[in-house]
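J.: My questions will all concern the structure given below.
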Amino acid sequence: MFLQHKNIVLGVTGGIAAYKSADLVRRLKDQGANIRVVMTTSAQAFITPLTLQAVSGNPVSDSLLDPQAEAAMGHIELAKWADLIVIAPATANTIAKLTAGMADDLLSTICLATSAPIAIAPAMNQQMWHAQATQDNMQVLSKRGVAVWGPGAGEQACGDIGLGRMLEPMQIMEHCLHYFNSINAADTLQGQQWLITAGPTREAIDPVRYISNHSSGKMGYAIAQAAQKAGADVTIISGPVNVATPKNCQRIDVQSALEMHQHALKLAKDVDVFIACAAVADYRVAAISEQKIKKSNDSMSLELIKNPDIVADVAALTAKPFTVGFAAETQDVEHYAKGKLQRKNLDMIAANNVATAGQGFNSDDNALTVFWLNGSKVLPLTNKTELAKQLVATINDRMQDDT
Ligand code: C5P
């Protein structure tokens with residue numbers, strides 16, 4: 001019963017996925033949450049208020065202009081009652097209304113009138129999801145701090161295949177659990193030092209050329225921000241990226257794996273947590289040319305030598321911090337991730353499938369499965385800011401369990 005005494009307003013809007021709302025209510029109630037359902041008019045074409053009243057055990061609110069309902073629990077009261085507002089499914093129309101700050105029905109009014117956090121689980125046709133207007137709206141909402149859960153990809157009610165499916169009720173329930181966990185994590189990292197590697201490394205070939213990869217650094221920076229917000233002192237050792245340094249985090253800029261290794265090993269013995277999020281080049285050029293290499297033959301060879309494994313070297317320190325690695329895999333994710341966990345002597349490894357479109361490298365979204373010696377946890381697809389909060393909360397939980 002992880003949601004005991006939590007008040008959740010569940011907004012249900014008019015998409016075919018609304019039929020799953022009854023199941024979502026049940027799952028949230030199973031965890032002890034108090035649920036008040038607010039429906040839009042079009043949602044009622046897909047599922048009746050009576051069904052949601054029966055499963056939630058509370059009257060369903062659907063009108064701003066119903067004096068009787070307002071007398072019982074009015075829109076301002078509902079807005080104040082909520083610890084969290086979850087809109088699932090959230091249609092393109094509702095997303096647009098939230099973005100514009102409209103208040104022309106009960107749900108949009110409550111969203112404007114609340115100080116509670118809002119989470120949305122988008123559900124719509126893949127073309128509507130990809131439409132520039134929807135994507136622009138999503139950016140605005142994310143910037144405002146609205147949590148975005150999903151959408152998932154797959155076959156859609158209309159027969160299309162792609163992004164836009166509402167996450168399953170179980171996944172949305174898990175997001176709610178993570179959300180409340182991460183709230184509990186606020187300030188719990190006070191006094192802790194966290195060190196995070198992020199971004200790619202650049203391995204010079206000559207003064208103008210290098211070998212590198214597509215890592216954007218977004219995930220590492222999002223983790224740094226989440227840890228800092230939870231109270232930790234955070235240092236990022238960063239390869240070259242185009243991401244702003246999160247507020248109140250220290251940043252050390254490096255180019256090569258050797259430089260990153262040198263800084264990491266110097267600092268890691270004095271920190272509580274080390275997270276290796278960087279996509280470190282496995283090899284570097286054996287002999288970097290001092291002058292620009294001239295074009296001559298039809299082919300040329302570069303001799304590459306192995307770079308040190310930064311996270312494995314940190315994990316081998318006598319005063320080892322809680323050490324977390326990442327595993328970006330294209331197949332057999334669990335098998336390879338668990339192999340790395342053991343081989344590198346890590347406390348935890350966060351694995352993601354980089355072969356899945358729309359997540360991982362260079363994307364704004366990601367999903368992770370986190371493994372440790374005797375357990376694992378799925379952190380479902382969401383934006384990297386939200387995912388980072390959940391990862392930080394998971395690391396904190398594991399550290400508590402280990403002590
Ligand atoms: O072995 P692999 O490169 O797949 O392992 C990935 C994990 O190891 C990531 O956490 C990455 O940051 C870390 N790593 C490292 N130094 C290397 C190579 C990888 O810290 N030279």
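The values are calculated or read from the model by the stated rules, or taken from the named source; none is laboratory data. Only a predicted model underlies this, so the values are computations on that prediction, with no experimental measurement involved. Don't worry about glycine lacking a Cβ; one is built from the backbone with ideal geometry, like all the others, and counts go over all protein chains shown. Each accessible area value is taken on the protein alone, full model and side chains, heavy atoms only, with ligands, DNA and RNA left out. Shrake-Rupley method; radii C 1.70, N 1.55, O 1.52, S 1.80 Å.
J.: How much net charge surrounds Trp149 when only the other residues with a Cβ under 10 Å from the Cβ of Trp149 are counted, with Lys and Arg +1 and Asp and Glu -1?
T.: -2
J.: Taking all protein chains as present, what is the carbon and sulfur share of the accessible area of the chain, in % to the nearest whole number, probe 1.4 Å?
T.: Ligands and nucleic acids excluded, carbon and sulfur reach 49 percent.
J.: Compute the signed sum of charges (Lys and Arg +1, Asp and Glu -1) over the other residues within less than 12 Å, Cβ to Cβ, of Ala393.
T.: My count for the surroundings of Ala393 gives +2.
J.: Let me ask another. Among Ile223, Ile288, Ile85, whose mean-square fluctuation peaks in a Gaussian network model of the chain (Cα, cutoff 10 Å)?
T.: Top of the fluctuation ranking is Ile288.
J.: Sticking with this one: What is the P(r) of the chain, as percent of Cα-Cα pairs per 10 Å bin from 0?
T.: 5, 21, 28, 22, 15, 7, 3, 1, 0
J.: Name the aspartates and glutamates eligible as straight-distance cross-link partners of Lys344: C-alpha to C-alpha under 17 Å, and not fewer than 8 places from it in the same chain.
T.: The qualifying aspartates and glutamates are Asp282, Asp309, Asp313, Glu329, Glu334.
J.: Give the separation of the Cα centroids, the range 160-215 to the range 99-137, in Å.
T.: About 24 Å separates the Cα centre of the range 160-215 from the one of the range 99-137.
J.: So if I place +1 on the C-beta of Lys and Arg and -1 on the C-beta of Asp and Glu, and nothing else carries charge, what would the dipole magnitude of the range 7-183 be about its Cα centre? I want it in debye, nearest 20.
T.: 260
J.: If you don't mind, there's one more thing I want to ask. Among Ile118, Ser238, Ala393, pick out the residue whose Cα is farthest towards the positive end of the charge dipole of the chain, where Lys and Arg carry +1 and Asp and Glu carry -1 on C-beta, about the Cα centre.
T.: Working it through, the farthest residue towards the positive pole turns out to be Ser238.
J.: For the range 188-402, give me the percentage of DSSP beta bridges that are antiparallel, rounded to the nearest 5 percent.
T.: 40
J.: While we're here: What per residue convex hull volume, in Å³, do the alpha-carbon atoms of the range 309-403 yield?
T.: It comes to 99 Å³ per residue, whole-number rounded.
J.: Grab every C-alpha pair in the range 188-402, bin the distances at 10 angstrom width from 0 up to the longest one, and report whole percents.
T.: Result returned by the calculation: 8, 34, 36, 15, 5, 1, 0.
J.: Per residue, how much accessible area does the chain have with a 1.4 Å probe, in Å²?
T.: Counting only protein heavy atoms, the per-residue value for the chain is 48 Å².
J.: Exceeding 28 Å between C-alpha atoms, which entries from my cross-link table qualify? They are Lys20/Lys377; Lys218/Lys292; Lys80/Lys389; Lys20/Lys80.
T.: From Lys20/Lys377; Lys218/Lys292; Lys80/Lys389; Lys20/Lys80, over 28 Å: Lys218/Lys292.
J.: Please report the relative contact order for the range 7-183, taking Cα pairs under 8 Å with a sequence separation of at least 6, and give it as a percent rounded to a whole number.
T.: Computed value for the range 7-183: 22 percent relative contact order.
J.: Return the single residue from Thr13, Thr245, Thr330 with maximal mean-square fluctuation; model: Gaussian network over the chain, springs between Cα atoms under 10 Å.
T.: Looking only at Thr13, Thr245, Thr330, the largest GNM fluctuation is found for Thr330.
J.: Taking the Cβ of Lys306 as the center, what net charge do the other residues with Cβ under 10 Å away carry, scoring Lys and Arg +1 and Asp and Glu -1?
T.: -1
J.: Which residue fluctuates the most in the chain, going by a Gaussian network model with Cα springs under 10 Å, if the choices are Met138, Met39, Met170?
T.: Ranking Met138, Met39, Met170 by mean-square fluctuation puts Met170 first.
J.: Quick check for me: using +1 on Lys/Arg Cβ and -1 on Asp/Glu Cβ, what's the dipole size of the chain about its Cα centre, in debye to the nearest 20?
T.: So the magnitude is around 540 debye.
J.: I've got another one for you. Mind checking the range 304-390 for chymotrypsin sites (Phe, Trp or Tyr not before Pro) that DSSP puts in a loop (not H, G, I, E or B) and that have at most 14 other Cβ atoms within 10 Å?
T.: Filter output for the range 304-390: empty list.
J.: Continuing with the same structure: How large are Rg and Dmax for the range 7-183 when calculated on the C-alpha trace, in angstrom?
T.: Cα radius of gyration and Dmax of the range 7-183 are 14.9, 45 Å respectively.
J.: With contacts defined as alpha carbon pairs under 8 Å and 6 or more residues apart, what's the relative contact order of the chain in percent?
T.: Taking the mean separation of contacting Cα pairs over the length of the chain, I get 12 percent.
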